[in-house]
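One structure is given below, represented as structure tokens, and several questions about it will come after.
The values are calculated or read from the model by the stated rules, or taken from the named source; none is laboratory data. Everything numeric here is computed off the predicted structure, so don't read it as measured data. Here the Cβ positions follow ideal geometry from the backbone for every residue, glycine too, while neighbour counts run over all protein chains shown. Heavy atoms of the whole protein, side chains included, go into the accessibility calculation; ligands, DNA and RNA do not. Shrake-Rupley method; radii C 1.70, N 1.55, O 1.52, S 1.80 Å.
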Amino acid sequence: MPVRKLAMILARCCFLVVLVIVLGMIFADLRLPPWPAAGLAVFPIVTFVTLGRLTSAALKRTARTPVEVAAPVSGRWLAHNSPADKVPSHGLHGYGQTYAIDILVAPDPDTRPPFAMLWPLARGNSRYPAFGAPVLAVADATVVHVLDGRRDHLTRTSFPALAWMMLIEGMVREATGPSWIVGNHVILDLGDGTYAAYAHLKQGSVTVAVGDTVRTGQRIADCGNTGNSTEPHLHFQLMDGPDLDTARGIPFTWRGIGVPANGESFTPEQSTPEAESTPEKEAAPAERLD
């Protein structure tokens, strides 16, 4: 077992023990000195920080040219947490997400409910146009991992719900492993040591299985709201291995689009297996939303 994988497993075990101790002290009148929980809590923190620094140093030593792939969606979408604005795009190198991007459907006019200060605490996913939108293969590839059974939860689109996700729900997910963070997901092997990961997919929407071969533009799932997600959206990334615990991020560029920055909308012209013989049209350039 790789040292990085073992360190992540041990860190999560320590984190789980700390959670059990804290819950026991709160709800079961468990009487323990504070040092066991504090000592165990240090190990995950040191592990995550150390692995993040090692990953950052490795990426600097072996800088890779962005891999060009097709866009994973069709229609008009909006970029968030983009590597065009900062790296690592989500603030962490962990789980291969150094160059990850979040995208959501951007209808014109925008029909997404606004973020709420206090109420409603959460909303149903059907209010968001990204929910159920098709997710497409970015290249001819082989499916190497599929998870499809996590439920789509309500949105976390108010300050109380966001605080719950960041301070409690997110910590529990972190302690239980990457599959609880990314939710339903598909990982494709694109060849040449490059893998594509699609996260937060809709429950029951995955149309492929491990070992399947897919073609560029083929629908592989639908956009959902599973895992550590505030609202229906797609989290996409390229990485150098299929294991989220040990993978390092790889920069990408979408054919005809590039990498849209935060707040930019884009509309790819996606070729499909059924329309492969039709000449490709030039993709619409990204445009910034004010």
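Output the residues belonging to segment 194-217 that are assigned to a strand (DSSP E or B), among the hydrophobic types (A, V, I, L, M, F, W, C) and under 17 Å from residue 139 (Cβ atoms).
Selection gives 196, 197, 214.
What number of residues in segment 71-107 are more than 16 Å from residue 228 (Cβ to Cβ), of a type in the set (A, V, I, L, M, F, W, C) and open to solvent by 10 Å² or more (accessible area, probe 1.4 Å)?
Count: 4.
Of the conditions (1) surrounded by fewer than 19 Cβ atoms within 10 Å (Cβ to Cβ); (2) touching a residue at least 40 places away in the same chain (Cβ under 8 Å), residue 167 clears all except one; give me its number.
Here residue 167 meets the rest and fails (2).
A further question follows. Could you list all residues from segment 193-216 that are touching a helix residue (DSSP H, G or I) at 6+ places or on another chain (Cβ under 6 Å), free of Cβ contacts under 8 Å to residues at least 60 places away in the same chain and open to solvent by 40 Å² or more (accessible area, probe 1.4 Å)?
If the condition is that a residue be touching a helix residue (DSSP H, G or I) at 6+ places or on another chain (Cβ under 6 Å), free of Cβ contacts under 8 Å to residues at least 60 places away in the same chain and open to solvent by 40 Å² or more (accessible area, probe 1.4 Å), then no residue fits.
Okay, residues lined up against (1) open to solvent by less than 70 Å² (accessible area, probe 1.4 Å); (2) among the aliphatic types (A, V, I, L, M):
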| site | (1), (2) |
| --- | --- |
| 9 | yes, yes |
| 15 | yes, no |
| 33 | yes, no |
| 39 | yes, no |
| 45 | no, yes |
| 57 | yes, yes |
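Tell me the residue from 234, 244 that is in contact with a Phe, Trp or Tyr (Cβ under 8 Å, 6 or more places away or on another chain) and either at pLDDT below 95 or not in a strand (DSSP E or B) (or both), please.
244
With the requirement that a residue be within 25 Å of residue 78 (Cα to Cα) and surrounded by fewer than 22 Cβ atoms within 10 Å (Cβ to Cβ), what does segment 137-146 give you?
Within segment 137-146, 139, 140 qualify.
Moving to a separate point now. Among the numbered criteria (1) at pLDDT 95 or above; (2) touching a Ser or Thr at 6+ places or on another chain (Cβ under 8 Å); (3) not hydroxyl-bearing (Ser, Thr, Tyr), which single criterion is violated by residue 131?
(2)
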